[in-house]
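Peer 1: After the structure tokens below, expect a handful of questions from me.
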Amino acid sequence: MGLEGVEPSALIGGFLAECGGYAVVDGGFATELERHGQDLNDPLWSAKCLISSPQLVRRVHLDYLEAGANVIISASYQATIQGFEAKGLSAEEAETLIKRSVDIACEARQIYLQRCAKGCWDFPHGRKTTQRPVLVAASVGSYGAYLADGSEYSGNYGDLVTLETLKDFHRRRVQILASSGADLIAFETIPNKLEAQAYAELLEEENINIPAWFSFNSKDGINVVSGDSIAECAYIANSCDRVVAVGINCTPPRLIHGLILSIKKVTNKPVVIYPNSGETYNAEAKQWEKSEGKTGEDFVSYVGKWRDAGASLFGGCCRTTPNTIRAISRVLFDKASLDN
């Protein structure tokens, strides 16, 4: 689905209409890589597999497409020039890998569409021979994700990290991803207002020609993890013409409903929601721990409520699987078919 030259707001509206009013985003990527035997205890995290197992990255994308995803997100969340250089790669090699993350996702989409055309897969809702619209989103993780010290879950970068620091850090990667063939850029797990502002200014300064979405993370259902107001963060996203959707990712499902309502107060842009499984990440121990509320596949039971609150794009983040995405697709489109 080519999006260049299309007005951003018209683009996302047209895409959602083509999908049936709602779109399904993919699920946990590192979760699936680990399930297939990858050890991601590395500063590069899932981006490590761009070097060691690109064929597995493609397979995970395909698994999510088969499960019903309309949007697949590239394995570039933790893929930074600085991170690759720290591993001994050259800047040129790093840039090639960042672009390769999008190439792999695009290859998976092409394989999926070819299989659709041949009727090779059975799909829910009697759509097995139709080519469901699919977008490739290029992931940009936060500065804290690159630091790999847990600060993506606190937003505490210290006084030395300024707006210009963040723009300088992200600039080249955003330039590469904007010209990579992706349909949009997904700025994910944004932990504070400062980084949201840096992204918004970068999109304008670099005249980025593909749309973007901003998704934040929260621990209390009121603010982003730094303590900044979710409404203030969403307002920054709303003020940027290149941002076509605003939302929440990597946040416990029980907090999502209130966050949707807060976002909807400051923007009419579509809301994108892809929570984690409901567990809590312990940054010191580098592991997920059980927390109160529903976890695992049970969070699919919230989807109808999120839809009614005004969300338009739904998926999963850490610890969710293709089964989660399959269930979300079933809930959304079964409900939609009952309403229409």
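The values are calculated or read from the model by the stated rules, or taken from the named source; none is laboratory data. As the structure is a prediction and not an experimental result, all values here were calculated from the model. Counting neighbours? That spans all protein chains shown, and the Cβs are built from the backbone with ideal geometry, glycine included. Heads up: the accessible areas ignore ligands, DNA and RNA and are worked out on the full protein's heavy atoms, side chains in. Shrake-Rupley method; radii C 1.70, N 1.55, O 1.52, S 1.80 Å.
Peer 1: Over segment 147-269, what portion of Cα pair distances is larger than 24 Å, expressed as a whole percent? Spell out each step's value before the answer.
Peer 2: Details: 1737 of 7503 pairs.
Percentage above 24 Å: 23.
Peer 1: In addition: Starting from the amide H of G247, placed 1.01 Å from N in the peptide plane, find each other amide H under 5 Å away whose residue is 5 or more places distant or on another chain.
Peer 2: So G247 has HN proximity to F214, S215, F216, V272.
Peer 1: So how do 89-96, 136-143, 73-80 stack up, highest first, on mean other-Cβ count within 10 Å?
Peer 2: Details: 89-96: 14.9, 136-143: 26.1, 73-80: 28.0.
Averaged packing, sorted descending, gives the order 73-80, 136-143, 89-96.
Peer 1: Now a separate question. In whole Hz, what ³J(HN,Hα) sequence does segment 215-229 give by Karplus (6.51, -1.76, 1.60; θ = phi - 60°), x for Gly and Pro?
Peer 2: 10, 9, 10, 9, 10, 10, x, 10, 10, 6, 4, 6, x, 5, 5
Peer 1: Just the number, please: carbon plus sulfur as a percent of the accessible area of the chain, 1.4 Å probe, no ligands or DNA/RNA counted. All intermediate terms of the calculation are to be shown ahead of the outcome.
Peer 2: Numbers: 6240 of 13390 Å².
Taking all protein chains in place, the chain shows 47 percent carbon and sulfur surface.
Peer 1: Add -39500 (n - 2.57) for each DSSP H run of 4 or more in the chain, then divide by its residues: what number comes out at 222 nm, to the nearest 500 deg cm²/dmol? Each step should come with its number before you reach the end.
Peer 2: Numbers: 13 runs with 150 residues, N = 340.
Value at 222 nm, helices only: -13500 deg cm²/dmol.
Peer 1: With a point put 7 Å past each Cα toward its Cβ, work out how far H36 is from S52 in nm, to one decimal.
Peer 2: My value for the distance between the label points is 1.3 nm.
Peer 1: Something else about it: Under a 1.4 Å probe, what is the accessible area of the chain per residue, stated in Å²?
Peer 2: 39 Å²
Peer 1: Ordering V331, V224 by how much accessible area each has at a 1.4 Å probe, largest first, what is the list?
Peer 2: Details: V331 50, V224 5 Å².
Sorted by accessible area, descending: V331, V224.
Peer 1: Label points 7 Å out from Cα along the Cβ direction at E232 and K118: separation in nm?
Peer 2: Spacing of the two 7 Å Cα→Cβ label points: 5.5 nm.
Peer 1: For Cα pairs less than 8 Å apart in space and 6+ apart in sequence, what is the mean separation divided by the residue count of the chain, i.e. the relative contact order in percent?
Peer 2: Numbers: 666 pairs, mean separation 66.6, N = 340.
This gives 20 percent for the chain.
Peer 1: Mean-square fluctuation check for the chain, GNM, Cα pairs under 10 Å: which of R132, R330, R35 is largest?
Peer 2: R35
Peer 1: Pick from H257, H36, H61 the residue whose mean-square fluctuation is largest in a GNM of the chain, springs joining Cα atoms under 10 Å.
Peer 2: Taking springs between Cα atoms under 10 Å, the residue moving most is H36.
Peer 1: Please name whichever of G315, A327, Y64 sits farthest to the positive end of the charge dipole of the chain, dipole taken about the Cα centre and charges placed at Cβ: Lys and Arg +1, Asp and Glu -1.
Peer 2: Going by the Cα projections, it comes out as A327.
Peer 1: If you bin the C-alpha pair distances of the chain every 20 Å from 0, what whole percents do you get?
Peer 2: Spelled out bin by bin, the chain gives 34, 62, 4 percent.
Peer 1: Turning to a different aspect of this structure: Would you calculate the separation in nanometres between label points at L163 and A86, each defined as 7 Å from the Cα along the Cα-to-beta-carbon direction?
Peer 2: Each label point is offset 7 Å from its Cα along the Cβ direction, giving 2.7 nm.
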